[in-house]
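The values are calculated or read from the model by the stated rules, or taken from the named source; none is laboratory data. Please read these numbers as outputs of a predicted model, since none were measured by experiment. Backbone-built Cβ (ideal geometry, glycine too); neighbour counts: all protein chains shown.
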Amino acid sequence: MQTDYDPRAIEAAAQGYWEDHRSFKAVEDPSREKFYCLSMFPYPSGRLHMGHVRNYTIGDVIARYQRMLGKNVLQPMGWDAFGLPAENAAIQHGIPPSQWTRSNIEYMKGQLKSLGFGYDWERELATCDPDYYRWEQWLFTRMVEKGLAYRAKATVNWDPIDQTVLANEQVIDGRGWRSGALVEKREIEQWSVRITDYAQELLDALDGLDGWPERVRTMQRNWIGRSEGVHMEFGVAGSDETLGIYTTRPDTVMGVTYVAVAAEHPLAHRAAENNPALAAFIDECRKGGTTEAELETMEKKGHPLGLDAIHPITGEAVPIYAANFVLMGYGTGAVMAVPAHDQRDWEFAERYGIARKAVIRSSDGSPCGIEQAAYTEKGVLFDSGPFDGLTSEQAFDAIADWLAERGKGEKTVNFRLRDWGVSRQRYWGCPIPMVQTADGGIRPETDLPVRLPEDLVVDGSGSPLKKMPEFYQLAGGETRETDTFDTFFESSWYYARYCSPDCDTAMLDERARYWLPVDQYIGGIEHAILHLLYARFFHKLMRDEGLVDCDEPFTNLLTQGMVVAETWYREDAEGRKQWFNPADVEVERDAKGKLIGGRLKSDGQPVRFGGIEKMSKSKNNGVDPQALTERYGADTVRLYTMFTSPPDQSLEWNDEGVEGAFRFIRRLWALAVTEAEAIRAASMPDELDEPAQTARREIHGALKKALYDYERQQFNTVVSGCMTMVNTLYRLESSTARAAVIREGVGIVLRLLAPIAPHVTHHLWRELGFGDDILNADWPRVDEDALKQDSLDYVVQVNGKVRGSVKVPADADQATVQAAALANEQIAKFIDGKPIRKAILVPGKLLNLVV
């Protein structure tokens, strides 16, 4: 065995062994318990960052652990390859997005392999491959046939620079998340999917997802946003039209003093035809907020339409305003405004001098002032005609019944969730497989896949597909759709295709029924809503097509914490910040280790501390995983990311911690080298002396906790337990069973560390004669006999202060422990003959005597 730990040679050999033996190839076997472990696949941006490394290490540790428990494990990997970033990068480099994407995939695949992740690479997929996206095109045509997908005009967020539709979540402070351009509202034809048809099922099924973090389930519940309310029809003065309104507070309807509609509402557009000021306001709203969160905080603005709405109960006329806080895409695009009992409505009324009419007072009869703010609590109705004296709860039913009897409204359930607009006006995506016929109709493509031309160079002036007659012009005057799918479409079902990656006759085959659902899914909390909700929706679509036989895609979900690090910067004369990598900063600390400043190593001049932030290019506080792997080896990087914090908490990067992880692996290596001969030859004797018993008790005690920690995915304390065992083995100097205990202890440590640091443990397992492949080793078990003790050491306190210790039989009761303490001269002198007023025993550990 070589004396020095050489991670590069060891890791290359281990990875070669796994590849030669196809160690991670997953094969369906109904006789074995399966375990499908999956980390969210990466976008091939060019290089892995530490967030990737942590995510995939967590997944690999879980997968290897489950394999060592004897389960049939599937852990695949692929690439979320379509999307706008590839187009932007391709424009910058003057190459086709396909070339940029595929070269990145090749490089990042090499990075993943160098970290020793146990993926079944035979199942690799990329969402830009026609063999993959062919099947989502097929599913979309089935959705069209069922009426679950449709084309219609919709108000969308339009990025004028990227020339594409953006989801609400991609609009930040009114600007495109990538281009930074002011987003406009546009009404365009686009394809949408009726996810709302599954809203109730998606909501109800959350209760059964016990393996998901409650935080994520709450976020999805709020996003789906089920509410029970009343739909009612206001009249429009001077016409036969009605204006539909949905409200969850029908108890306040008698306090309506105006109605607000979205700037895109048909009523507003008609009124603007002869009203230039209103038209200008509508145009201004096109550049306004697009999300509910923005609408809550933005300044409330409006413009009267010059029309009145007719109250459905009183028949009174109230003015109609176009308002920037009403979205056409939510509800009916119109709201009844009750400024006395809704703060948003109150602010708008205050600005435009609209009356406020209170109709709800506190249940105890106390007045509810509305001069400074709206009174938003529920209570008892007054000044509400036939509904006076009813509580808000009673009025809900009474008003709904009154409206229903007269054909003016009804109780209804509403969802915040809107249909999913899947059209994107960009090139690098999956073509939408639809055709417009010569007579203006729509039909699905029959020859799938509709292949995306991959050799196009993008120039930033919109999708090149729209300039390619050879792509969109078909025989008989038909034209092919040039929009492509939202990339969430691809990432919503990739987990299922891993089960049947080579099936060319169907989207999925019987193998999917064996592997699904995914037993453990790992990814960032930022995907809690959209990706996870869309994947759940897709799964139900595939279930209804008979492709899968389970209701949910992911049984357990782990949302890993972020990787964060220090940030350092300087400001120039104009106040612009220049960020410096922490590795280039010499940090100054006081005697207690508190940070007091830093200097740039290159010039010795001060830099300012910018706080602890998520690793990012913008703050220049990232760490290159490739450089770390080359310097320390993959096992050190993996060990450090698992040891520093629990998987679901943030990991604060610390270079000294990386050095510490490296030192521990070398320490384990040195122990193995020093004791190699003894380990190979040793066997456990029938009788053990006290040092051996003590060492085994410590090892099996640490093992018991480590096994528990593996089950609850607290890998940081697993590593701590392994460090404890190694320390115990180093302390064991003289014992008749020394070699046997070291052999047993090292064997336990290697197996516990195998999922975390797989290369060094693979090598040592073979070199020390434990077996050919640690992947196939039995998972260690606790020897309960080793934990038994004939005697125990009790710490003894007098009035809360430690005064000594006593050794007593393991089964000693409190009286025996107390008698031994009083007989101890060192302890007795602190009692000094005083009576014992109280004795507190912590079994097996401590006795506290109060005198």
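A few points about this structure:
- Matching option when the condition is of a type outside the set (Lys, Arg), modelled with pLDDT under 95 and either in contact with a helix residue (DSSP H, G or I) (Cβ under 6 Å, 6 or more places away or on another chain) or assigned by TED's automatic domain parsing to the domain that holds residue 55 (or both), among 678, 634: 678
- Subset tally (residues that are part of a helix (DSSP H, G or I) and in contact (Cβ under 8 Å) with a residue 24 or more places away in the chain) for region 5-44: 9
- One residue stands out among those in region 87-106 that are more than 18 Å from residue 127 (Cβ to Cβ) and among the hydrophobic types (A, V, I, L, M, F, W, C): the one that is modelled with the highest pLDDT, which is 95.
- All of 313, 354, 320 fail the test of being at pLDDT 95 or above, over 19 Å from residue 249 (Cα atoms) and outside any strand (DSSP E or B), apart from 354.
- Of the numbered criteria (1) under 26 Å from residue 648 (Cα atoms); (2) free of Cβ contacts under 8 Å to residues at least 60 places away in the same chain, the one residue 212 fails is (2).
- Per the conditions (1) surrounded by 20 or more Cβ atoms within 10 Å (Cβ to Cβ); (2) more than 30 Å from residue 101 (Cα to Cα); (3) in contact with a Phe, Trp or Tyr (Cβ under 6 Å, 6 or more places away or on another chain), the sole criterion not satisfied by residue 39 is (2).
- Segments classed as strands (runs of 3 or more DSSP E), wholly inside region 115-218, with at least 2 members that are surrounded by fewer than 20 Cβ atoms within 10 Å (Cβ to Cβ): 149-159, 184-193
- Residue in region 439-453 that is β-branched (Val, Ile, Thr) and under 23 Å from residue 94 (Cα atoms) present: no
- Residue check, residue 765 touching a Leu at 6+ places or on another chain (Cβ under 6 Å), part of a helix (DSSP H, G or I) and within 29 Å of residue 6 (Cα to Cα): yes
- Filtered residues of region 195-208 (kept if more than 13 Å from residue 533 (Cα to Cα) and either touching a residue at least 12 places away in the same chain (Cβ under 8 Å) or hydroxyl-bearing (Ser, Thr, Tyr) (or both)): 197, 208
- Here residue 376 clears all of (1) part of a loop (DSSP other than H, G, I, E, B); (2) crowded, with 17+ Cβ neighbours inside 10 Å; (3) modelled with pLDDT of 95 or more; (4) within 36 Å of the chain's Cα centre (by Cα) except the condition numbered (2).
- Single unsatisfied condition, residue 785 versus (1) touching a helix residue (DSSP H, G or I) at 6+ places or on another chain (Cβ under 7 Å); (2) of a type outside the set (A, V, I, L, M, F, W, C); (3) free of Cβ contacts under 8 Å to residues at least 60 places away in the same chain; (4) surrounded by fewer than 21 Cβ atoms within 10 Å (Cβ to Cβ): (1)
- Any hit, region 596-617, residues being in a loop (DSSP other than H, G, I, E, B), of a type outside the set (Lys, Arg) and touching a residue at least 60 places away in the same chain (Cβ under 8 Å): yes
- Tabulated pairs, region 677-706, first acidic (Asp, Glu), second assigned to a loop (DSSP other than H, G, I, E, B), C-beta under 7 angstrom, 6+ apart or interchain: 689/735; 689/736; 689/737
Residue by residue, here is whether (1) under 22 Å from residue 697 (Cα atoms); (2) outside the structural domain of residue 697 (by TED's automatic domain parsing); (3) in a helix (DSSP H, G or I); (4) modelled with pLDDT of 95 or more holds:
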{"site": "797", "(1), (2), (3), (4)": "no, yes, no, yes"}
{"site": "808", "(1), (2), (3), (4)": "yes, yes, no, no"}
{"site": "812", "(1), (2), (3), (4)": "yes, yes, no, no"}
{"site": "828", "(1), (2), (3), (4)": "no, yes, yes, no"}
{"site": "834", "(1), (2), (3), (4)": "no, yes, no, no"}
{"site": "844", "(1), (2), (3), (4)": "yes, yes, no, no"}
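- Check on residue 339, farther than 20 Å from residue 279 by Cα, touching a residue at least 40 places away in the same chain (Cβ under 8 Å) and either surrounded by fewer than 16 Cβ atoms within 10 Å (Cβ to Cβ) or in the same structural domain as residue 273 (by TED's automatic domain parsing) (or both): yes
- Condition check for residue 306: out of contact with any helix residue (DSSP H, G or I) (no Cβ under 9 Å at 6 or more places or on another chain) and either surrounded by 22 or more Cβ atoms within 10 Å (Cβ to Cβ) or not assigned by TED's automatic domain parsing to the domain that holds residue 177 (or both): no
- Enumerated strands (runs of 3 or more DSSP E) restricted to region 431-543, each holding at least 1 residues that are of a type in the set (S, T, N, Q): 434-436, 518-524
- Selection status of residue 497, among the basic types (Lys, Arg) and surrounded by fewer than 22 Cβ atoms within 10 Å (Cβ to Cβ): no
- Residue that is surrounded by the most Cβ atoms within 10 Å (Cβ to Cβ) [pool: residues in region 395-410 that are part of a helix (DSSP H, G or I) and of a type in the set (Gly, Ala, Ser)]: 395
- Taken together, the residues in region 815-849 that are surrounded by 10 or more Cβ atoms within 10 Å (Cβ to Cβ), more than 52 Å from the chain's Cα centre (by Cα) and either of a type outside the set (A, V, I, L, M) or under 12 Å from residue 800 (Cα atoms) (or both) amount to 7.
- Evaluating residue 713 against the criteria (1) out of contact with any strand residue (DSSP E or B) (no Cβ under 8 Å at 6 or more places or on another chain); (2) on the phi > 0 side of the Ramachandran plot; (3) of a type outside the set (Gly, Ala, Ser) leaves one unmet condition, (1).
- Of the residues making up region 433-449, just one is surrounded by 14 or more Cβ atoms within 10 Å (Cβ to Cβ) and either under 25 Å from residue 103 (Cβ atoms) or of a type in the set (Ser, Thr, Tyr) (or both), namely 449.
- Odd one out for residue 290, checked against (1) modelled with pLDDT under 95; (2) crowded, with 21+ Cβ neighbours inside 10 Å; (3) not in a loop (DSSP other than H, G, I, E, B): (3)
- Residue among 183, 156, 230 that alone is in contact (Cβ under 8 Å) with a residue 60 or more places away in the chain and in contact with a Pro (Cβ under 6 Å, 6 or more places away or on another chain): 230
- Failed item in (1) within 17 Å of residue 495 (Cβ to Cβ); (2) in contact with a helix residue (DSSP H, G or I) (Cβ under 8 Å, 6 or more places away or on another chain), with residue 113 passing the rest: (1)
- Conditions (1) at pLDDT 95 or above; (2) surrounded by 13 or more Cβ atoms within 10 Å (Cβ to Cβ); number of the one not met by residue 778: (2)
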